[in-house]
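A.B. asks: Below are the structure tokens for one structure; questions will follow.
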2 protein chains.
Amino acid sequence: MPLQDYMNLISTDDHVIEHPRVWLDRLPASDQESGPRVVEVDRGAPGDDGTAPGPAQVWLYEGRSYPQMALNAVAGRRREDFGLEPTRYDEILPGCYDPQARVGDMDADGIEAQICFPTFPKFAGTVFLQSQDKDLALRCVRAWNDFMIDEWCAAAPTRFIPVVILPLWDPRLAAAEVERTAAKGARTISFPENPAPLGLPSFHTDHWDPVFAAAQEADMPLSMHFGSSGRPPVTADDAPFAVAITLFGCNSMATTADLLFSPVFHKFRNLKVALSEGGIGWIPYMLERIDYTWERHKYYTGVNQDVRPSELFRRHIWGCFIDDEFGIANRHWIGVDRITWECDYPHSDSNWPHARKRAAETLVDVPDDEVHQIVEFNARKLFRFDA
Amino acid sequence: MPLQDYMNLISTDDHVIEHPRVWLDRLPASDQESGPRVVEVDRGAPGDDGTAPGPAQVWLYEGRSYPQMALNAVAGRRREDFGLEPTRYDEILPGCYDPQARVGDMDADGIEAQICFPTFPKFAGTVFLQSQDKDLALRCVRAWNDFMIDEWCAAAPTRFIPVVILPLWDPRLAAAEVERTAAKGARTISFPENPAPLGLPSFHTDHWDPVFAAAQEADMPLSMHFGSSGRPPVTADDAPFAVAITLFGCNSMATTADLLFSPVFHKFRNLKVALSEGGIGWIPYMLERIDYTWERHKYYTGVNQDVRPSELFRRHIWGCFIDDEFGIANRHWIGVDRITWECDYPHSDSNWPHARKRAAETLVDVPDDEVHQIVEFNARKLFRFDA
């Protein structure tokens, strides 16, 4: 007890910052002008101290610019220096965009493997939904997936679990991309936690059936990262950003209720969903609440009346945690087999480079076999990622 | 153990359905046409079985009609017959609108006292925000408060804890109404869980300072009922209503994070907030998460950097539960002094007429002194409602 040296940490939620040549290296010459590329932009006038900020780097795609190229990649900084910048590659650790450097950063913290979600395309690739040229967008989606599988994961195949994004504007193309990438070794699909706020049909339609059928057939879990619906939990326009950061787990709660009251798991009995970055401490409350609601309201709300939602959860959904003492103390209410661990490198919620130390502290009262299940075996089994 | 006969159940969240003369009895003759009154409306064509529905009763106010006069007042029905109707007084129990009948229903289930939130005005009286004639609206707000104090609670002063609503469009008028009703014995204020979605300034402004100052001065806790922001937790337009019912507790989570990261409790150190119907099982997760967020993000998000948010919670916020086994099992993570019980009569989430029996089951493993605190003493102290 608790976290033994022989246990490998498998993290189910981390992030890659795409290097500037991800699309340039893969798109045909005719796409180079419109496809995603990094440009330098002026960061405006000098500040109060008289020093002018240097130019920022932003992604340019179809003429639109996308700032926050690194989102919140503050790994390596002191908390006092956290912010929503950085805005240049030279302000972030090479481990953000270089797979060999990433492996070095993982080794430094005793982390065995990771799933690395996209940054410029957003967590579930939803940036490409905005594309005017959907043929170009499809090539961009495939290019990211090829980058992830053939370049990033190939650099250290035992260290990275390949995740892919989909052309979400067309479920048949999306299903085909599931098949194409499954054949190349992809292990999970980053899928929106809720498609409705993106202007797409909800989980309560049959629109996604081809995608879910393909995912089930390929045994590729849908990894639903909080925030990937594009609907952040903002209470008020002038609320501090800390409020939304605190509440992002509510998005995973919404995904849970939305899916469990949808036809999805009744149609796809082997489909698996991983709630990425959602935390776990809320799960027992939510399962009790959803069963209570189901018992009272199933007769008039058009939901399945036969299977208790908490039962569906225990077959289909997994949670993960960064740092959730209450959730770990209540792991038997959740189901030890439902829990995976995550590092969230290089974002500010991560404990890297002290993630292993912190995991050991959180798991200090947990028996060895349960710790091993939580930090390693559950993720290996769910994502078919053998040692 | 557990719930002894000598312990009185004080419920901190129930509902009154206003009888048709609440405003007619109190508004001057010149307001009778525009003020709230009940009218009969056709319910449309016969259904598939050939029987025509009888007329419904709706509130008419300033020419606008407000259906769902009883919201979800299904007390007394079998679950199989639950729905969002009823739509007529003769379809609901007299205990919904008659205080003597209510006391009878409370006696039948061993419930000592209740807080009865408004129905037609909505939980926090926000219907009157929509008024064209704000002078009329102010008279309507005062009329409801006079009804609640002088008629409903006066019918059984030891059985009802007086709650009032405020003229939310004007903080000075609202503060004056706090003072006026406090002098008449009001004990709590039904206040929106988040004013921003109602088009009002958020908790992050000084707009509400006069109201919060008056509430603190009168020692009247703000009771924030979930849903009172007018922003239900809807995942998708076509999601079954069961999804939103399940997720309403997320609104109370949002209120918690919003308030704890706002200046409110730093300015009003004796202000108290009761989260009505929000449940309690999520509280430990949320407090851990909000502290985690605060530790990492306090330096750049403009929030107070000195007081840990969970500490503020333990001074200022109370939760309540209907049926929350997980929350009760984890009561020491929450704080036994933070928890009250509620019945939710006459809504479908209520266990009435078996609420006392169900409370006894939920509390079966809890020591007597803690049970007594949770079901009675905490509410008596918070709302200054002595036996």
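A.B. asks: By the gyration tensor of its Cα atoms, with a ≥ b ≥ c the square roots of the eigenvalues, what is the shape of the range B:190-230: rounded for a/c under 1.5, prolate for a/b over b/c, or oblate? Mind showing how you got there, number by number?
C.D. replies: Values: a/c = 3.34, a/b = 1.32, b/c = 2.53.
Oblate is the answer for the range B:190-230, as a/c is 1.5 or above yet b/c matches or exceeds a/b.
A.B. asks: Taking every DSSP beta bridge with both residues inside the range B:1-140, roughly what % is antiparallel (nearest 5)?
C.D. replies: Percent antiparallel among DSSP bridges in the range B:1-140 is about 60.
A.B. asks: Convert each backbone phi in the range A:89-95 into a coupling constant with the Karplus relation 6.51 cos²θ - 1.76 cosθ + 1.60 (shift: θ = phi - 60°), then list the ³J(HN,Hα) values in order as whole Hz, x for Gly and Pro.
C.D. replies: Residue by residue, the range A:89-95 yields 4, 7, 9, 10, 5, x, x Hz.
A.B. asks: Neighbour counts of other C-beta atoms within 10 Å: give me B:153, A:116 arranged from fewest to most.
C.D. replies: By the 10 Å Cβ count, ascending, the order reads A:116, B:153.
A.B. asks: Distances in nm, one decimal, shortest first, from residue A:263 to the same residue in every other copy, taking the label point 7 angstrom along Cα→Cβ.
C.D. replies: Result, one decimal in nm: 5.3.
A.B. asks: Given H placed 1.01 Å from N in the peptide plane, which residues other than close sequence neighbours of residue B:273 have an amide H under 5 Å from its amide H?
C.D. replies: B:222, B:317, B:318
A.B. asks: Tell me which residues come under 5 Å, amide H to amide H, from residue A:225 once H is placed; ignore anything under 5 positions away on its chain.
C.D. replies: Answer set, sorted by chain and number: A:191, A:193, A:276.
A.B. asks: Note the full-extension length gain between residue B:33 and residue B:51 as 0.36 nm times their separation in residues minus their Cα-Cα distance, in nm to one decimal.
C.D. replies: 3.1 nm
A.B. asks: Please report A:33, A:179 as a ranked list, fewest other C-beta atoms within 10 angstrom at the top and most at the bottom. List each step's numbers first, then the result.
C.D. replies: On the way: A:33 11, A:179 14.
So the ranking, lowest neighbour count to highest, is A:33, A:179.
A.B. asks: I'd like to know which of A:175, A:317, B:38 lies farthest towards the positive end of the charge dipole of the protein assembly as shown, counting +1 on Cβ of Lys and Arg and -1 on Cβ of Asp and Glu.
C.D. replies: About the Cα centre, the residue reaching furthest to the positive side is B:38.
A.B. asks: Return the percentage of antiparallel bridges among DSSP beta bridges fully within chain B, rounded to the nearest 5 %.
C.D. replies: The antiparallel fraction comes to roughly 30 percent.
A.B. asks: Further question on the same structure: What spacing in nm lies between the two simple spin-label points modelled at residue B:332 and residue A:314, each 7 Å away from Cα in the Cβ direction?
C.D. replies: 2.7 nm
A.B. asks: Hey, with R₀ at 22 Å, roughly what FRET efficiency would residue A:41 and residue A:62 work out to, going by the Cβ-Cβ distance, to 0.05?
C.D. replies: Values: r = 16 Å, r/R0 = 0.75.
Efficiency, from the Cβ-Cβ distance: 0.85.
A.B. asks: As an exercise, identify the chymotrypsin sites (Phe, Trp or Tyr not before Pro) in the range B:1-101 lying in DSSP coil whose Cβ has no more than 12 other Cβ atoms within 10 Å. Walk me through the numbers before you get to the answer.
C.D. replies: Numbers: sites: B:6, B:23, B:59, B:61, B:82, B:89, B:97; in loops: B:6, B:23, B:82, B:97.
Taking the range B:1-101 and a limit of 12 other Cβ atoms within 10 Å, the loop chymotrypsin sites (Phe, Trp or Tyr not before Pro) found are B:6.
A.B. asks: Return the sequence-ordered ³J(HN,Hα) values of the range B:160-173 in whole Hz as given by the Karplus equation 6.51 cos²θ - 1.76 cosθ + 1.60 applied to θ = phi - 60°, using x for Gly and Pro.
C.D. replies: Here the 3J(HN,Hα) series is 10, 8, x, 10, 10, 10, 10, x, 5, 7, 8, x, 6, 4 Hz.
A.B. asks: Taking the Cα centre of the range B:147-197 as origin, sum charge times position over the Cβ atoms of Lys and Arg (+1) and Asp and Glu (-1), and report the length of that vector in debye to the nearest 20.
C.D. replies: That gives the range B:147-197 a dipole magnitude of about 160 debye.
A.B. asks: 7 Å along Cα→Cβ for the label point: how many nanometres lie between residue B:185 and each equivalent label in the other copies, listed shortest first?
C.D. replies: In nanometres, ordered from closest: 7.7.
A.B. asks: Using a 7 Å offset from Cα along the direction of the beta-carbon, what are the separations from residue A:336 to the same position in each other copy, nm, ascending?
C.D. replies: 3.0
A.B. asks: Turning to a different aspect of this structure: With +1 on each Lys and Arg Cβ and -1 on each Asp and Glu Cβ, and nothing else charged, work out how big the dipole of the range A:26-118 is about its Cα centre, in Debye to the nearest 20.
C.D. replies: Numbers: 9 positive and 17 negative charges, 41 e Å.
Value, rounded to 20: 200 debye.
A.B. asks: Check residue A:13: other-chain or 5+ apart residues with amide H under 5 Å from its amide H, H built from backbone geometry?
C.D. replies: HN-HN under 5 Å from residue A:13: A:115, A:343, A:344.
A.B. asks: Okay, moving on. Let me know the charge dipole size of the range B:111-230 about its Cα centre in debye, to the nearest 20, where only the beta-carbon of Lys, Arg (+1) and Asp, Glu (-1) is charged.
C.D. replies: With only Lys, Arg, Asp and Glu charged at Cβ, the dipole is about 220 debye.
A.B. asks: Set the Förster distance to 25 Å, then compute FRET efficiency between residue A:25 and residue A:107 from the Cβ-Cβ distance, nearest 0.05.
C.D. replies: Efficiency for this residue pair is about 0.40.
A.B. asks: Given R₀ = 35 Å, what would the calculated FRET efficiency be for residue B:267 paired with residue B:184, taking r from the Cβ atoms and rounding to 0.05?
C.D. replies: Given R0 = 35 Å and the Cβ-Cβ separation, E is 0.85.
A.B. asks: Between the range B:126-153 and the range B:168-219, how far is it from one alpha carbon centroid to the other, in angstrom?
C.D. replies: Taking the Cα centre of each part, the range B:126-153 and the range B:168-219 sit 14 Å apart.
A.B. asks: Here is a follow-up. Pull up the DSSP beta bridges for the protein assembly as shown and report the antiparallel fraction as a percent, rounded to 5. Can you show the working numbers first?
C.D. replies: On the way: 16 of 56 bridges.
Counting DSSP beta bridges with both partners in the protein assembly as shown, the antiparallel share is about 30 percent.
A.B. asks: I would also like to ask the following. Step through the residues of the range A:378-385 one at a time and calculate ³J(HN,Hα) from phi using the Karplus curve (6.51 cos²θ - 1.76 cosθ + 1.60, θ = phi - 60°), rounding each to whole Hz and writing x for Gly and Pro.
C.D. replies: For the range A:378-385, the Karplus curve yields 4, 5, 4, 6, 4, 9, 6, 10 Hz.
None of the figures in this text is laboratory data; all of them are computed from the coordinates on show. Because the structure is a prediction, the values reported are computed rather than measured. Note that we place each Cβ from the backbone using ideal geometry, even for glycine, and neighbour counts take in every protein chain shown.
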